[in-house]
């Protein structure tokens, strides 16, 4: 069998971070006198990076202007998330067993997230350090965020495989678009922040019902 690799999104795919992200956003809103959102509303705010999240959570007509205002709110959000990031975050059921299997099979694995790179690394170290990771990439200055394929192609280069041999596993349309744009296999997950319909419409070749289904897909 030719060499294959698996690239995972982080939030909504490997880790259930929804509550901690929502609590952080709501702290920022409340401190500025705006109404907060129910936790489930953050499912649609997450996935496009922290800069977009801190703009999207504000009501229409009150979204911060690009530049200094957005930068300040982003700083406030990062401070709030720095307090909250590990309060409730956990691995999704079945992820540990999947990662065990992939490591045992010596299939290279990596993470590509639109979460800021420093928080991506913190989460990986805190929750995913039991497993061997070949690539961990979050959002970095100078590198376009997903769905631009730059990060995915960079990961494939680090894996030392072609993009066509890589499976990109994620829970949003952004992840599926990234996979398609990079020439990778687009694999959605049904347990994340977005709907199965969204994933299929965005180009998912398959949508996993549970983490263990990935093993069969890659073996096929």
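The values are calculated or read from the model by the stated rules, or taken from the named source; none is laboratory data. Keep in mind the model is a prediction, meaning the values are calculated, not measured. Reconstructed Cβ throughout: ideal geometry from the backbone, glycine too, with neighbour counts over all protein chains shown.
Structure summary
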read-out: Counted residues, segment 113-128 - those being over 19 Å from residue 79 (Cβ atoms), part of a helix (DSSP H, G or I) and in contact with a strand residue (DSSP E or B) (Cβ under 7 Å, 6 or more places away or on another chain); value: 2
read-out: Residue match in segment 5-19 (condition: farther than 22 Å from residue 193 by Cα and touching a residue at least 60 places away in the same chain (Cβ under 8 Å)); value: yes
read-out: Selection status of residue 30, under 17 Å from the mean Cα position of the chain (by Cα), free of Cβ contacts under 8 Å to residues at least 60 places away in the same chain, within 23 Å of residue 64 (Cβ to Cβ) and in a helix (DSSP H, G or I); value: no
read-out: Criterion violated by residue 197 - all others in (1) surrounded by 16 or more Cβ atoms within 10 Å (Cβ to Cβ); (2) more than 19 Å from residue 134 (Cα to Cα) satisfied; value: (1)
read-out: Verdict on residue 183 being surrounded by fewer than 22 Cβ atoms within 10 Å (Cβ to Cβ), assigned by TED's automatic domain parsing to the domain that holds residue 9 and under 16 Å from residue 112 (Cβ atoms); value: yes
read-out: Test: residue 36 is surrounded by fewer than 16 Cβ atoms within 10 Å (Cβ to Cβ), touching a helix residue (DSSP H, G or I) at 6+ places or on another chain (Cβ under 6 Å) and either under 21 Å from residue 193 (Cα atoms) or at pLDDT below 95 (or both); value: yes
read-out: Number of the condition not met by residue 120 [criteria: (1) in contact with a helix residue (DSSP H, G or I) (Cβ under 7 Å, 6 or more places away or on another chain); (2) touching a residue at least 60 places away in the same chain (Cβ under 8 Å); (3) buried (at least 18 other Cβ atoms within 10 Å of the Cβ)]; value: (1)
read-out: Per-region count, segment 55-96, residues assigned to a strand (DSSP E or B) and either out of contact with any strand residue (DSSP E or B) (no Cβ under 8 Å at 6 or more places or on another chain) or free of Cβ contacts under 8 Å to residues at least 12 places away in the same chain (or both); value: 0
